[in-house]
Amino acid sequence: MTETAPAISTVPSHVAIIMDGNGRWAKQRGRPRSFGHSKGVDTVRKTVEAAGNIGIRHLTLFSFSTENWNRPADEVGALFELMKRYVEADFNTLDKRGVRVQIAGRRDDLSADILEIIEKAERQTAGNTDFYLTIAFNYGGRDEIVRACQSIARDVASGEVKPDEIDESLFSSRVDTAGIPDVDLLIRTSGEQRISNFLLWQAAYAELLFLDVLWPDFSPEHLEGAVQVFAARERRYGGVNAGAA
């Protein structure tokens with residue numbers, strides 16, 4: 001990514017965003033929900049570029065949850081098609097900019113064409129180190145934790161891991177974002193104030209910010225403002241503030 005020196009004192013290393021509000025944005029304009037999702041992809045492009053320019057190194061975007069399967073079939077199909085189109089259309093540009101693309105989420109119930117796109121993107125960008133883009137697709141935080149537990153349990157059963165060797169470091173190595181730092185700032189657009197089963201392990205000490213803007217209207221200025229809010233907060237990780245008696 002092409003980075004410019006940020007005019008912000010503290011830039012979060014890892015920002016995660018729940019991209020909410022596509023459907024409502026489309027409804028306000030009398031258009032189908034798929035239209036809002038399509039516009040949301042345009043916002044993804046702008047946000048990835050803006051994050052790199054600000055100096056953020058890791059960006060994780062929540063694009064499709066395990067609960068989203070409960071949506072109408074045509075909307076689910078449209079979301080999958082958008083995922084394919086985004087990766088296919090933007091892959092070369094992201095690769096040239098030094099972006100490493102990773103996908104978090106279940107893969108055992110994805111179609112062969114989606115899996116092929118995911119694996120190609122991850123394989124061909126594996127050596128990039130300028131910027132790290134993680135797309136949470138078919139993802140649920142509880143599901144991720146269960147899968148991590150199952151992975152460790154298999155190793156315990158085989159004798160590769162002893163129960164007293166299980167610690168936070170080992171567990172972190174089994175989640176979908178292994179090797180990526182914990183979330184510093186978690187943003188949700190649309191005005192809703194919940195994290196919706198997103199990065200439950202990784203966001204344990206994240207600063208939370210809920211913005212009253214629908215995702216298609218989210219701009220680089222919104223991202224910069226969010227980072228400025230983050231910079232003004234004091235992160236104590238369960239301790240007391242430096243000025244406390």
For 222, 14, which order do you get if you count the other beta carbons within 10 Å of each Cβ and list the fewest first?
222, 14
Sorted by Cβ neighbour density within 10 Å, fewest at the top, the residues 94, 170:
170, 94
Arrange the peptides 196-207, 26-37, 134-145, 119-130 so that the one whose residues have, on average, the most other Cβ atoms within 10 Å appears first.
134-145, 196-207, 26-37, 119-130
Taking a straight Cα-to-Cα line shorter than 26 Å from residue 120, and setting aside same-chain lysines fewer than 8 residues away, one finds 39, 46, 84, 96
Hey, got the Cα dimensions of segment 163-213 along the principal axes, in Å, largest first?
45, 17, 16
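Since every read-out is calculated from the coordinates, none of them should be taken as a lab result. From a predicted model like this one, the values you see are computed outputs, not experimental measurements. We place every Cβ from the backbone using ideal geometry, glycine too, and count neighbours over all the protein chains shown.
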